[in-house]
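See below for the structure under consideration.
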């Protein structure tokens, strides 16, 4: 069977746009003489639609659009993802479904069985589980159709399984001859290799070919990398879609392909590409042409500026330098070097007059001394004020530049450097920020070496460096990785690190700064455990003594 | 059987504190010659513990604390709530359980069967459902023990049920002689009456008495009102715990009580009390003694200031007046009248010098004209800057004063009037803000009548009123209520309101301002659908054309 994998980028809730994408892909599949065109999970709706699916009017519109799509089908099969309703008066009443149509109508609907509800997934909030799975006979094949998570519960592969049921085994018992899985699988570093490994083991063991189609695109913080995959009956990856762009892949299950054994991208390249893509998508989908970055002379804002240039073009990136009396000379000259290297527009405006005026005014009501931290925050906030004022007047999207290490320990100022619509690198540890900068400079110096080499500093008081307050970043990031990504706790971490007080202090900083992260801009997710939607911690709590 | 309902206020994750609360309550029950002391759902852990339960070390500590509690029991029964683990290697591995101990050990554990996963509830993320329910024989009674949601699925009461199972019917089939339900049921207006009605119907129909114990306290945005209830076999409410404070209630199932037929509190009184309580709890649990409010002369900041005084005492509330050249004379005099009425400390500092200095500086980099909206936002942000500077230097908690109508349509400035650690009235519509103000003034004028009577204005440009931009608040709130609380959509709302363009414009404003609310402070929840955790909408979407 000749299957066309249509790796599209839907917009959440934009049914006309998504319907057109599906029909365009379907026509392309017909032109390519495919027997069947398949589209990702919830491709008509966009993923994740969140509480939108709780609106009756939205559900009706999806139902109408699904029927309109079906009406246009010929004898070539079309499988797309949408929500469907049942009416048993128990549960949520909605399913996450694969809709199979040909000859002008919907011929078969398979609901999703395994409903993920961990990390960034909240699907049990919305979707009832399928009561049963059935193979569907189509053109001499028995198609075993499943949706995303359905294929992630193999009893042999996983040491710990999330679900009792295994819909893939059900389909195999019914003698499925080809497996089809339609997915919306969010990107994180390493996820693609994990998908490939898991699917390869499964197809090899069960001696069955698989067409696995993924959506691509970014939806606010969640990035979907596409990279659809096709496996032969020996577990070989034989076809795949591009990463971070739409694609159209033909997979003929009867054909002999040469297995693909391409090298994986490096960590640096993959995360770099994902950030560029995530930012581009956010701007495109919200209609922002230009972005704004406050350039401090430090590593983080340099990286964010570079990513913005790659995503939107140099002509669409503006930066503002905002020195104070604590800014080093290097801050300015290094920033200017970066501006030249990137060929972008810049402005330079001192914050000092407004800092001074504010302090002068505030002294009439602050009776005690102005604390150092107060003055540091004040400077960060006046920079935020400048950037937001410029952004409001020119319609630019302000990007925030904080990294994951800072966000973790709260080394950032609410309403100051945290201002902005999107946090580009807030899921990238400081040590990884350097790795990515070095990757960017692999052929020539784009990010000035001076920026990479200098000691990190907020430059909010004389001779300040980050390490006055924080442990060295390699040590800090090691602790944070264990605490966040590996979900370890104090005892386990201290056993590795040794320094009990340090570990206690770091974990306490992370916990106590939940209130700041609660007001942070959405952050492009590139790790398996990002702050935001996928990590839910109480602001008020007393766990750590 | 003599049952002591121990309506306690746990701190999330603070196991020592919660353990002591449980043991203290248990001793009190022994002193009162009770047969059994019962505590709320997850009373050892605090509710909702969120991702804390995913930490192994936390689970171990809970397990240890539970055993320590059990060790101290005599022949008097003790039921408390905690997480427990199984090890079947499928699913989440944790249960939300009622732990029954006496004679020095844990005698019986009943897991929760119905796992809520809607609105503010995310329990399926954490908890596996009970495989079975069993009555437990104790002192000649067969106790039917259930946890919160377990009792909310009666087939006769609910037109639409969330779950297929009904653990209460299971317990009744096993001839339970008394029902016990341990709960953590978040407050919203009208919820208490709904609980009473539902439980009364159930106990009357099944001819069984019920002890229903709830936790009390606020956990960041979620308020738990307590108000535990006891019903006799005829469905009469015969005993109840206080609202918004800890309580200890003895219920003897053998005794004949006079049914309670007390009047419900009014909407104004109930919401007023919940806000005072929620703010008090947030400050107490985080260790803030003093709060700060920016007093504009308008209704919202006046109400928040009043609530702060009720919650923390006049001596702990500071306000700052921050006039600009657009401020009316009334703003100052009305604020001064409020300050006198409440007896609080105030400061007065003009924002004009800093506004002027910022504009002067910014003009060097803003080539086009400064837009009116830019200048309006700038003023709001300089007020935010003043307040945060004062707050940083004095350790006061800054309260934000925006109401639900404003938050809904984005009539607020990010990093400006949205600055603050807790949004006190962001779940209260503007029209309800007035109702509560009038309730506060029921005996004497505390909030100056001039503040209540004047046209709402942000005073960010000459002669501005809210209604230059927004429809009248009674109309706006009517639309918002339908859209938010009643979950209606465009067609249904327009059929009621008539004005198609207006409805379209309002819904579009709500959708488009998701990005602002995403960075908002947590808001005390008093409605059935608050912004924040319980309402999840995509920032990037294209549903509304």
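Structure notes:
- Qualifying position, being assigned to a loop (DSSP other than H, G, I, E, B) and modelled with pLDDT of 95 or more, among A:33, A:27, A:64, A:20: A:33
- Members of the range A:385-405 found to be in a helix (DSSP H, G or I) and in contact (Cβ under 8 Å) with a residue 40 or more places away in the chain, listed by number: A:386, A:387, A:390, A:391, A:394, A:404, A:405
- Within the range B:227-241, residues that are at positive phi and modelled with pLDDT of 95 or more reach partners that are in a loop (DSSP other than H, G, I, E, B) and crowded, with 20+ Cβ neighbours inside 10 Å with beta carbons closer than 6 Å, at six or more positions or on different chains, in the pairs B:227/B:241.
- Residue list for the range A:224-251, restricted to those being surrounded by fewer than 24 Cβ atoms within 10 Å (Cβ to Cβ) and part of a strand (DSSP E or B): A:237, A:238, A:239, A:240, A:243, A:247, A:248, A:249, A:250
- Test for residue A:443: is it out of contact with any helix residue (DSSP H, G or I) (no Cβ under 7 Å at 6 or more places or on another chain), assigned by TED's automatic domain parsing to the domain that holds residue A:375 and in a loop (DSSP other than H, G, I, E, B): yes
- Selection from the range A:357-384 of residues that are in a helix (DSSP H, G or I), more than 7 Å from every other protein chain (Cβ to nearest Cβ) and over 19 Å from residue A:413 (Cα atoms): A:360
Let's see how each residue does on (1) touching a residue at least 40 places away in the same chain (Cβ under 8 Å); (2) in contact with a strand residue (DSSP E or B) (Cβ under 8 Å, 6 or more places away or on another chain); (3) surrounded by fewer than 19 Cβ atoms within 10 Å (Cβ to Cβ); (4) within 14 Å of chain B (Cβ to nearest Cβ):
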{"site": "A:159", "(1), (2), (3), (4)": "no, no, yes, yes"}
{"site": "A:182", "(1), (2), (3), (4)": "yes, yes, no, no"}
{"site": "A:187", "(1), (2), (3), (4)": "yes, yes, no, no"}
{"site": "A:217", "(1), (2), (3), (4)": "yes, yes, no, yes"}
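- For the range B:128-148, a residue qualifies if it is under 25 Å from the mean Cα position of the chain (by Cα) and touching a residue at least 60 places away in the same chain (Cβ under 8 Å), and the qualifying residues are B:147, B:148.
- Residue within the range B:518-538 that is over 24 Å from the mean Cα position of the chain (by Cα) and either at the interface with another protein chain (Cβ under 10 Å from one of its Cβ atoms) or modelled with pLDDT of 95 or more (or both) present: no
- The single condition among (1) modelled with pLDDT under 95; (2) within 19 Å of residue A:317 (Cβ to Cβ) that residue A:291 does not satisfy is (1).
- Leading residue by the ranking (farthest from residue B:149 (Cα to Cα)) among those in the range A:99-121 that are within 24 Å of the chain's Cα centre (by Cα) and buried (at least 23 other Cβ atoms within 10 Å of the Cβ): A:112
- Screening the candidates A:20, A:33 for the property of being in the same structural domain as residue A:77 (by TED's automatic domain parsing), on the phi < 0 side of the Ramachandran plot and surrounded by fewer than 24 Cβ atoms within 10 Å (Cβ to Cβ) yields one hit, A:20.
- Count of the range A:1-34 residues, restricted to those that are out of contact with any helix residue (DSSP H, G or I) (no Cβ under 7 Å at 6 or more places or on another chain) and away from every other protein chain (no Cβ under 14 Å), is 16.
- Options A:426, A:458; residue that is under 19 Å from residue A:321 (Cα atoms), buried (at least 21 other Cβ atoms within 10 Å of the Cβ) and more than 10 Å from chain B (Cβ to nearest Cβ): A:458
- Some residue of the range B:312-330 being closer than 21 Å to residue B:473 by Cβ, modelled with pLDDT of 95 or more and in contact with a helix residue (DSSP H, G or I) (Cβ under 9 Å, 6 or more places away or on another chain): no
- Checklist (1) outside any strand (DSSP E or B); (2) at the interface with another protein chain (Cβ under 10 Å from one of its Cβ atoms) applied to residue A:346, failing item: (1)
- Residue B:251 falls short on exactly one of the conditions (1) within 20 Å of the chain's Cα centre (by Cα); (2) more than 26 Å from residue B:451 (Cα to Cα); (3) more than 14 Å from chain A (Cβ to nearest Cβ), and that condition is (1).
- Among the residues of this structure, residue A:40 does not count as one that is closer than 25 Å to residue B:512 by Cβ, in contact (Cβ under 8 Å) with a residue 60 or more places away in the chain and either crowded, with 19+ Cβ neighbours inside 10 Å or touching a helix residue (DSSP H, G or I) at 6+ places or on another chain (Cβ under 8 Å) (or both).
- The residues in the range B:339-370 that are within 20 Å of residue B:307 (Cβ to Cβ) and out of contact with any strand residue (DSSP E or B) (no Cβ under 7 Å at 6 or more places or on another chain) can be counted, and the count is 4.
- Condition check for residue B:289: within 30 Å of residue B:186 (Cβ to Cβ), assigned to a helix (DSSP H, G or I) and more than 10 Å from every other protein chain (Cβ to nearest Cβ): no
- Under the condition of being surrounded by 14 or more Cβ atoms within 10 Å (Cβ to Cβ), within 14 Å of chain A (Cβ to nearest Cβ) and under 24 Å from residue B:189 (Cα atoms), the residues counted in the range B:472-491 number 7.
- Of residues in the range A:320-343 being more than 15 Å from residue A:450 (Cβ to Cβ) and in a loop (DSSP other than H, G, I, E, B), the one farthest from the other protein chains (Cβ to nearest Cβ): A:343
- Under the condition of being part of a strand (DSSP E or B) and in contact with a helix residue (DSSP H, G or I) (Cβ under 9 Å, 6 or more places away or on another chain), the residues counted in the range A:193-221 number 8.
- Residue within the range B:65-79 that is buried (at least 20 other Cβ atoms within 10 Å of the Cβ), touching a strand residue (DSSP E or B) at 6+ places or on another chain (Cβ under 7 Å) and within 13 Å of chain A (Cβ to nearest Cβ) present: no
- All of (1) more than 7 Å from chain A (Cβ to nearest Cβ); (2) buried (at least 20 other Cβ atoms within 10 Å of the Cβ); (3) closer than 30 Å to residue A:393 by Cβ hold for residue B:392 with one exception: (1).
The values are calculated or read from the model by the stated rules, or taken from the named source; none is laboratory data. Small disclaimer: the values here were computed from a predicted structure and weren't measured. Ideal geometry is used to build each Cβ from the backbone, glycine not excepted, and the neighbour counts take in all protein chains shown.
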